[in-house]
Structures are given as structure tokens and as C-alpha cells.
């Protein structure tokens, strides 16, 4: 990854931090506390790593404001991890590829490709599709007809965008992503299954990132949408007509059936399963491997389990369930005591 | 998607429906009740949407036979959703691509390609492979050697069909599908793992549809088969030597280990996991996220949970389990009462 | 798959087995007991298949040492299944492709391709990448810049290896595998999510095999590693900075979050989910569909459930839980009896 050195004072200015130590120190790279060496900047947030921070060989450390740390060279900020990410963006900018259309690419004559675009080998761009300035379409990616890709996107190798799909600006689609394939809908008759029409489309808004081999199906009749700033991990399945809001985070291998709405700012773990027609309200958090039944409304809060329950109820019930073996013993003992009482009373009656 | 207008009477004839209202109205598109406009046809099945149907701006509605609805223009049929799907097929036929072999495609000389075939850019077809009439092999799809693809199939971009695989007629394979990769079988020795032979093949029968990024492994020694009319959603994993019957439906991200048999007309939810050597009998329904233990025989009925149980037993047991906290309280109270009884008896004995 | 006949005595020598019967019999193929015919070799391990073995039409059978079997032609060995696998490797060697660089491939001038390499159609190899002798890079696979692929590997169609990734010798990557895509890491600010740097890399060691559409993300700052001889099934997700040891087996659709360590010789079922920062100690076995909470240390033994428990505890607890309905009945009966006792005592007091 490309690098360009900056001074500690430049980096501190970038993140609004306060420097202590040699502000002119040159920084080439970000690194973790334990692997950092001369020329590296690292960060520390949690007090339990303060000793590691003191021992780190990093040339500069990003530390929390008002911490007790007083290192040879440090930048104090409110949110060290965020500052580290912002500094990393400057020191390790995403790979730029010079504008070029590879001679092997197959671009429809009616396609509208901006001037500053990279199009790699074996790329296809279909009729009436448009690609915005600064976008990279890497080797083997395929865009169907009437596809719109915005500016400054990175479409990684072997991605497929089906006819009519719209992609915003600064979107990153990792290798193997498939957008706009038919949703899964059939009507059963005596003859077997007939395809329910899958003639809607997909809109991916600005600043979305989708992990490798993730799939987003087109709407059956309307739209499947992924809102601005939302991030999906690898192998997430988004069914037809889902409406995923803004700044939603969804971890790997989660599956979302048709017509699910996930409102803004939700956080969804990995391997979660959603039945269809669910609404997850803004700010809800759903733990990994949870299962949500069709039609459910998930209110804000932290949810867990199959089917989902509020996390604290889930924990409480599971604590109770772990006591069942002991309860069986107690029940047995109690039965013996009741029997004994019954016999004593009987004896007296005689 | 392409469109061709039809009159209400033509559409009614197509689905054997009874027209009320202006039979000559021209219909261009299908649409949902709430988004439909002039020129659209929509459908309603459930009484709870009858009011929405009355308010819909669709030019025609498909309604249930013997319903109380009496709209300006309607077609009454037994199964409105099915009629809607059949009408959609006519108004929005799947995209046809003119027969063509793109100049960039690499076709073995021994391959046998029917006349009316579309082969897109960057497609490979290996030695002795055959492609039937009316089939579309879209950009970047790769067929190995000795592959057979029937007539009127759509093989979407970046699909891979390994050597020897057989695909029937009217099969749809969505982007990223991999058919015929080696199954997962090893023998452990002191040296580590040795590959168990994976030299069988795969047969996909007529009218099958496989979702994006789904994988179907070749048989170890024999065959992996997917039966006629079966539909798999995205990212389904089918292991070596599975035998999936006809008209089976399997939702997204379900994983099927080796040598599993799923008989005709089963319905399998999403994210279900099957151990190896299971037999699912014809007509069984397995709920999403269920887990089926190796070697199990699953009888007809509705199944749920990990490991699977009949749905009603699962519900009953879970209702009981939700009572455990209350049971603990009752048990405690009962212990106190028994103790009290014991003390009373003791007192009298004194 | 290619075949080359061997005599029974040659095959016996290969696996150190003892021949009984006609050692000069020519064997062309391996087959299962029930489908085997003239020219085939099969194997039997379990006594319950001894009758099937006696009835098999195979020309030779591999049988356990010291078994009671005495067939027309057999090879007795300690581990029949292993011998069968080793013999299959000889009778059905993996397909060799003659060294060739397809004219459509796009190979950077600075790439270093060994002499005896097969490079298929529409392959890309980036700047400074190296490919070792005997390796096959099949159609449509893409290697970024600074990628190292060792000797005798098979990189199947449409695989993508991102910049800087290192692949050992004899590695098999099935179709659709993505190695080195960005890991899933963000820092939240008032503005939404910022990408945490994903600038590490991936090392895949010798003799690893990865199933179709599996993804292995690059390290955030350091390394994601998959150790020598490890085998992953289809659609496994390996997050950033995971360290998977040697001879580990992971079944399909398992998801591994960031910074998880799985030590040597572990066996992991399908659809398992790992939170981040877990350590699975050498030799642990985790059942399919299990869920492991973040930060957990999993000791050797067999584990099951969500969250994981030792298998025997899991079984014991579930046996207890299945008794809860009966316990409720018992509890109710006991309450009645206690009430009866209380009333009897009351009566006497009057």
C-alpha cells in the first residue's frame, strides 16, 4: 500500500489533537502497539494497554485526552481509534489507478464513461450504463444495461451489476458481489413453481461498502435499497424489496428475507436470520446468530437468541434453565418429604 | 425489462378468468396495489387488502372468484397470485438476447453450440461441451470440458460449470454459481489429510433455478443431483452426492452436507443445516435456522429447531420452558410449606 | 477424469498391503461397493458392509487387516479408506493442463511466471507477482500486484487474489474464492462510519484447500494466516487477522470474526459462528451450528450449542430440559398433596 510521510504536527492538526514531544518527527506508517517500529504511529485507548504503550517502539502514539500517559511523543485526542483511522487514510490512501480503459474491456457504444475512470481487463459495461468520475471498475467486473455507477467508487474484480441497478458515490463493492439478481419468489400451482415477477431494481446509496461475495437481490415489483453509509460484511444475503437504512452495520453471513426494513443506525451481528416483512426500528442491536420471525417489529434495544428476546430476558431465562437439573433434584426430595408426611398422618389415623 | 401491451380480455383468456368492466382496456405492466397507475394490472387475495384494492389506481385488478369485490375493471380467478405471475410472464418476458457468439469468447473446436445461442464476452466453453438452442451464456461464465447445457437456459455472468456437469433445459443459474467443484472429503493419516476421491459429477434437471453464489459440489464417486423444477435461493451449499428431488424449495444460506436425500416437494427454510446421510421424506417442511443431525430420517410434517422437532412439540416445550422461572418460585414456596408441615407434626409429637 | 490402469500388485505395493487372489488383475478405476464393476477397485471398513463387499462386482477390494473376509481378490491394509484414497490419487490423478499462457491473459511485464505453468483465458496477473512451477491458473482468475503463488497449485476459475497475498505450494483454491479483500472494521463518529485501516495481508500455507466462494480477508494491520494442510469447505468466511493453524478442518458456511486463533488439528463443523478474539486450543472439536462468544478460550474436547458447552453437559442439560413438562405436572400434583395435608392438619386442630 502506498505511503507518504507526514510530521507529527501535521497529523495532529488533521485530527485536532494536542502534541507532546517532537512535533517534527516524520511518520510513515500506522501500526499496532506491539509491532510498531521507528517511523510508525500507533494508538492506545484502554488503560490496560497503557503499559504496552509505554513499551511500544512507535515513533508517536495517539492517546486519550486527559490520560495519565506522558510519552516521548504523543498526540492527545478525544477518540484515539477514530484519529488513528483518519491518520491511516492519509498515510495509506486507497490505491489509485490511473484513468485507463483496458483494451480488452467491452464497453457498449451507448455507455457513458466519465473521463477519469479506470476500467480493467475483461470488464463489460452494457447499453446506456454510466460510470462516474474517479471510479475504478476492476478486472472482470460486469455491468449490465442501464446501470448507473457514481463517482469515486471501487468495483472490485468479478462483481456483477445486473441491468438497471443504481450505485451512488464512493461505494466499495468487494470481489464477487452480485447486485440485482432475481429475488426468490414463486407461486405454486399443480404444475410446480411459477416465478413471481422479479422486475424491480436495486439502489445502493453513497458511501456503502459491501463485503466479498455478498448478494443483493432486485425488488420483485419495487425497489431493494441500501442506505447511505451502510456497511455489509462478506456473504450477506439481502432479499428482494428490503429497505436497509443509513449507517447500518451488518456482519458476515447474515441473511435477510424479502421485504424486511432495517431502519437507520441499527447494528446486526453475523449469521443472523430474518424472516420476511420484519421491521427493525432505528438503533436496534441484534446479536450474532439470532433469528427473527416473519412480520416482527423489533424495537430499539439489544436483542438475542432464536427467536429473539431482549438480551437481559434471554440471559435471565437461560440462568433459570441452567437450574433445571437442580430443580429436578429438589422436586424429587420434596416428593419424598411429602410422602413421609402423608404416611405419618396415616399412621396417626390408625 | 421489455413490455408489450395486452387487453384485459386477452389476459383473462390467458388465465381462464372472468372479466367485469372494460375488457378492451390495454395493460402494459404489472405492479403492486399501492404503486399501480394507469396501464397497470395488480392483484388482491386477502380480504384485509380489499379496501386498498378499491383505492388502487391500477387499470385492472385480479381478484378471487366469488369475492365481494366489484371494481371498475377486474378479472376473477381461483388463484389471483398465480394468475398475476402468469400475466407478468407475458407482459415482462425474460430478456431475450439475439443469437451471437461474442468475438472474445473462447470456444473449444470440439464444442457443439446450437445455432440459436447467445454467448457473451469472456465466456469459455471447453472440449466436447454442448450448449442447447435458445440458451444464453452471459459474460464471463465458464464451462469446463464435457459439460452439457440444455435448451433455453440462462447462465448468468461469472457462473462456473466444472468438467462433466450436466444441466437440463430451461435452467437458470444466477451470477457466481459454482457447479461441480470438489466435495469436502478427506482421510486423516499421521501425515495430515488426504483427499478422498472427488471424481463423480453433477446433474441439474430441467426448470431448476439456483440463486447467486450458490454452490453444488460434484459427487465423490457417484452423482449429485438436483431434480426437475427445484428452486434454490442465494448462497445455498449442496454437498457431494446429495440427491435433491423435484419441486423442492430451499431458501438462502442453507447448507447441506454430503449424501443427503431431500425427496420431492419439500420446503426448506433459510440457514438450515443438514448433517450427512439424512433423508427428508417427500412433503416435509423444515423451518429456517433448523439443524438436522446426521443420519436422521425426517418424516412429512413441519419441523423446527436445533435439533429439529415437530413444530407443535417445539412450541409446547418452549412454552413449558418459559414457565421455568415461575416454577422455581412455586417450588420454593412449596418447600416452605412442607417445612412448615413437618414442624407442625414435630411439635405435636413433643 | 483421466485414468491409467495398474495391477493389483502395483496398487498393493503403493499402500503396503497384502494381496490375496490374482495380483496381476488390471484395475482402471475406483468405485463404491455397490456401483463397482469389472476393472474397479473398492474398499470396505465396517463389518456391516462385509456382505455387500462379498456381493460387490469390483475386481478387487481393499479390506481391513485381520478381517474375516476372504474375497476372490483383495488387498488387506490397516486403513482401507486411506489406502483407497491413495490408490484413487494414482488411478485418477488431478487433471494436468499442459503449460501454456493463453493469448487472452493479461500478464504484467514485471510478473515472474515459472516455465511450467498453465494460465487460462481471461486471467490477470499483476505487477511483481510470481507463479511457481506446475501451477494452474484457470480461466478468469485474477491475481493483483505483488501476489506470490507457489508451485503445483490449482487456482480455479474466477478466483481473486488481492495485492500482496502469499499462497504456498500445492494449494487448491476452488472457484469464486476471494483472498485478501478488506476486513470488516470501522470506527463510528458523529459523521457515520470510518474505515479502520485494512492494510495487512494474507498468507495461505502449503497444502491448503479452500472450497468454492470461500473468503479470507486481509489483516487490518498484521496478517491473516491459514496453516499448512488445513482444509476449508465452501462459503467459509475468515475475518481479518485470524490465525488458523495446521491440519484444521472447517466445514461449509462457518463464519470466523476478526482476530480468532484456531490452533493445529482442530475440527470445526458447518455453520459455526465465532465472535472475535477467540482462541480454540489444539485438538478441540466444535459441532455444527455452534456459536462461540467473543474472547472465549475453547479447550480441547468436544463442544456444542449456542453458546458452546462441552457436548456431554449439553446433552445432559437438554435431557433435563425435555423433562420440564413432566416436572410441571409433578409440581402441580405435589401442590395438591401439600394442600391436602395442610387441610387435614387444620381439621384436626379444630
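FYI, it's all coordinate maths here, none of it is from the lab. Since the model is a prediction, treat every value here as computed from it, not as a measurement. Positions of Cβ are backbone-derived with ideal geometry, glycine not excepted, and every protein chain shown enters the neighbour counts.
Projected label points at residue B:95 and residue B:336, each 7 Å from Cα along the beta carbon direction, are separated by 7.2 nanometres.
Each copy carries a label point for residue A:191 at 7 Å from Cα toward Cβ; from one copy, the others' points are 5.6, 5.6 nm away, ordered from shortest.
Cα centroid separation, segment A:10-73 to segment B:51-95: 67 Å. Projecting label points 7 angstrom from Cα along Cα→Cβ for residue A:55 and residue B:328 puts them 4.2 nm apart. Counting only the backbone N, which residues of segment C:130-145 are under 14 Å from the spot 7 Å out from the Cα of residue C:114 toward its beta-carbon? Under 14 Å, as judged by backbone N against the label point of residue C:114, lie C:130-137 of segment C:130-145. Springs join every pair of Cα atoms under 10 Å in this Gaussian network model of chain A, and among A:181, A:23, A:284 the largest mean-square fluctuation is at A:23. With N counted as the residues of the protein assembly as shown, its alpha-carbon radius of gyration over 2.2 N^0.38 Å works out to 1.03.
Listed by Cβ neighbour count within 10 Å, with the fewest neighbours leading, A:263, A:162, C:98, C:10 appear as C:98, C:10, A:263, A:162.
Shape verdict for segment A:6-91, please, from the Cα gyration tensor: rounded (a/c under 1.5), prolate (a/b greater than b/c) or oblate. In terms of gyration-tensor shape, rounded.
Take every pair of alpha-carbon atoms less than 8 Å apart whose residues are at least six positions apart; their mean separation over the length of segment C:47-117 yields a relative contact order of 20 percent. Computed over chain C, relative contact order equals 6 percent, with contacts defined as Cα pairs under 8 Å that lie 6+ residues apart.
Relative to the other identical copies, residue B:302 shows label-point distances of 3.4, 3.4 nm, where the label point lies 7 Å from Cα along the Cβ direction and values run shortest first. Comparing B:169, B:190, B:145 in a Gaussian network model of chain B where C-alpha atoms under 10 Å apart are linked, the largest mean-square fluctuation is found at B:190. Here chain B has an Rg and Dmax of 28.2, 108 Å, counting Cα atoms alone.
Plainly put, the tip 7 Å out from Cα toward Cβ on residue B:23 is 8.8, 8.8 nm from that tip on each other copy, the closest given first. Springs join every pair of Cα atoms under 10 Å in this Gaussian network model of chain B, and among B:133, B:104, B:259 the largest mean-square fluctuation is at B:104. By the helix-only formula, in which each DSSP H run with n ≥ 4 contributes -39500 (n - 2.57) and the sum is divided by residues, chain C has a 222 nm mean residue ellipticity of -6000 deg cm²/dmol.
Look at C:236, C:292, C:267, B:238 and count the other Cβ atoms within 10 Å of each Cβ; fewest to most, that gives C:267, C:292, C:236, B:238.
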